[in-house]
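Notes follow the structure.
Derivation of every value follows stated rules applied to the coordinates shown; laboratory data play no part. Since we're looking at a predicted model, the values are computed, not measured. Every residue, glycine among them, receives a Cβ derived from its backbone with ideal geometry; neighbour counts consider all protein chains shown.
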DNA sequence: ACCTGAACACCGTTCAAGT
DNA sequence: ACCTGAACACCGTTCAAGT
C-alpha cells in the first residue's frame, strides 16, 4: 500500500506536469486522485521540487529506454533517425500532452535546481543518441555530428511545442517532413 | 497619471511574463512595482486573463513593426532572412528572457482563451513574413513557401527555448548556424 | 510506518467604501 | 475617475497529533 501510494503520486504528478507544466502539479488534486490528504504527500516526497525532480528523472530514464529499443530494433541508423520524431509524436497523440522536458524548458527560470538538473539530462541523452546515429552514418567528425544532433533535437522539440498550440498532430508531421525536405533530418 | 498607471502595469506584466510566463504575472508584485495596491489593477484590467492578452497583443504588434522595419531596411530577401533570428536573439540578450509567445506556447493548455488568441497571432505574423521573403526568393510556390516558413519559425523558436535552459547565447547562434548549414535557413 | 487536521503565508478576485 | 482595506477560496508547506 505504501509503495502503491508513492507510485500513484508519481503517476498523477507526471500526467499533471505533461498537461500543465511544473506549476500545474497541485498537491490537493493529486491527493484526491491518489485517495490521501495533501499533507500525506510530504511523507513520500519532501517538497514539490523533489516530487517534480523525481517525475522528470523517471521521464528521461523511460525515454532513454525507448531510444535504446529503437537502436536495437532498427540497426540501420537512417531508419533509426526516421523513427526518432515518433517519441515526441506519441505524447501529442496521448491527449495533446507535451514531452515533459521541453515543456519545463519554458518554465525553466522558475524551476527549482533539482528539477533543472533532470531537464538538462533529458536533452543530453537525446543529443547523445542522435549524435551516435549520425556518426554511424559517417556524416562528419564527432564535433560536426554533435552540432547537427543538437539542431535536430531542438527543431523536433520546437515542432512539438508549436503543434500543441494548434492541437494539430498533422502540423507536427508536416514540420518534420519540412525538416527532412530541407535536409536537416536525413531521409 | 491614470494613463501612466495603465502603461506601467502593462510594462511590469510584460517583464514578468518574459521571465516566468503567464503564471509568473503576480498582481501583488506588479502593484508594488507600479506603486498601487493589487486591487487597483482591476480598475485598469478586468482580469489577469485580459491583462495577459493585452501584453501578448502588444508584443506581437511590436514584433510586426520590427519585421516591417527589417523588410524596409533590407530589400534583399536573403539578407532579411539572415536577420530574422536576431529578433529571438535580442530577448535572450536582455536578461535571458524568452520571446513571450513561444514562452506561453508551453503554458498553452493552461491559458485563458483571449491570451491564446494573441499567441497564435504572433506565430501567424512571423510565418506570413517568412513566407513572403521565401516567395521573393522564388523558392517554390505559395504552399511550399508557407510550409518552409512554418518550419523556420518553429526551429528558431525552439532554438531560443533550448538556449535559454543553458543560459548560453552562443548555443542559440550555433543552432541557427546548424540550420543554415543543413539548408533549412537560406544562407 | 503512514496518515490527518489545523494552521501559516501566499495567490487572484470581489466589493463596499473612500477621495 | 481612481484607489484602498478587508474579505473570499485557493495554493505549498509545517507540525503536532493520531493509528
What angle, in degrees between 0 and 90 and rounded to the nearest 10, separates the Cα long axis of helix A:113-136 from the longest principal axis of the Cα atoms of chain A?
20 degrees
Would you mind ranking A:99, A:145 so that the residue whose beta carbon has the fewest other beta carbons within 10 Å leads the list?
A:145, A:99
Exercise: per-residue mean of other protein chain Cβ atoms within 10 Å, B:127-137
0
When every alpha-carbon pair in the protein assembly as shown is counted, what percent end up more than 27 Å apart?
50 percent
Simple spin-label estimate for residue A:74/residue A:136, 7 Å along Cα→Cβ, in nm, reads 1.0 nm
Here the tail fraction of P(r) beyond 16 Å, over all Cα-Cα pairs of the range B:1-75, rounds in percent to 50 percent
Taking only DSSP H segments of four or more residues, each worth -39500 (n - 2.57), what value at 222 nm results for the protein assembly as shown once the sum is divided by all its residues, to the nearest 500 deg cm²/dmol?
-24500 deg cm²/dmol
Let me know the mean shielding of B:110-122 by other chains, meaning the per-residue number of their Cβ atoms within 10 Å of its Cβ.
1
Copies compared at residue A:128 - label distances in nm, ascending, label defined 7 Å from Cα in the Cβ direction:
4.6
Paramagnetic reach from residue B:42 (point 7 Å along Cα→Cβ, amide N under 14 Å) across the range B:1-31
B:27-28
Round to the nearest 10 and give me the degree value, 0 to 90, for the angle of helix A:2-20's Cα axis relative to the longest principal axis of chain A.
60 degrees
Max mean-square fluctuation residue, GNM over chain B, Cα-Cα springs under 10 Å, options B:146, B:109, B:18:
B:109
Residue B:83 paired with residue B:125, simple spin-label distance in nm, labels 7 Å along Cα-to-beta-carbon:
1.7 nm
Using only Cα atoms, locate the centre of the range B:105-140 and the centre of the range A:108-187, then give the distance between them in Å, rounded to an integer.
21 Å
Max mean-square fluctuation residue, GNM over chain B, Cα-Cα springs under 10 Å, options B:22, B:108, B:42
B:42
Can you pull the one-decimal nm distance between simple spin-label points at residue B:93 and residue A:174, each 7 Å off the Cα toward Cβ?
3.3 nm
Go ahead and set up a Gaussian network model of chain A, Cα springs under 10 Å, then flag whichever of A:157, A:121, A:69 fluctuates most.
A:69
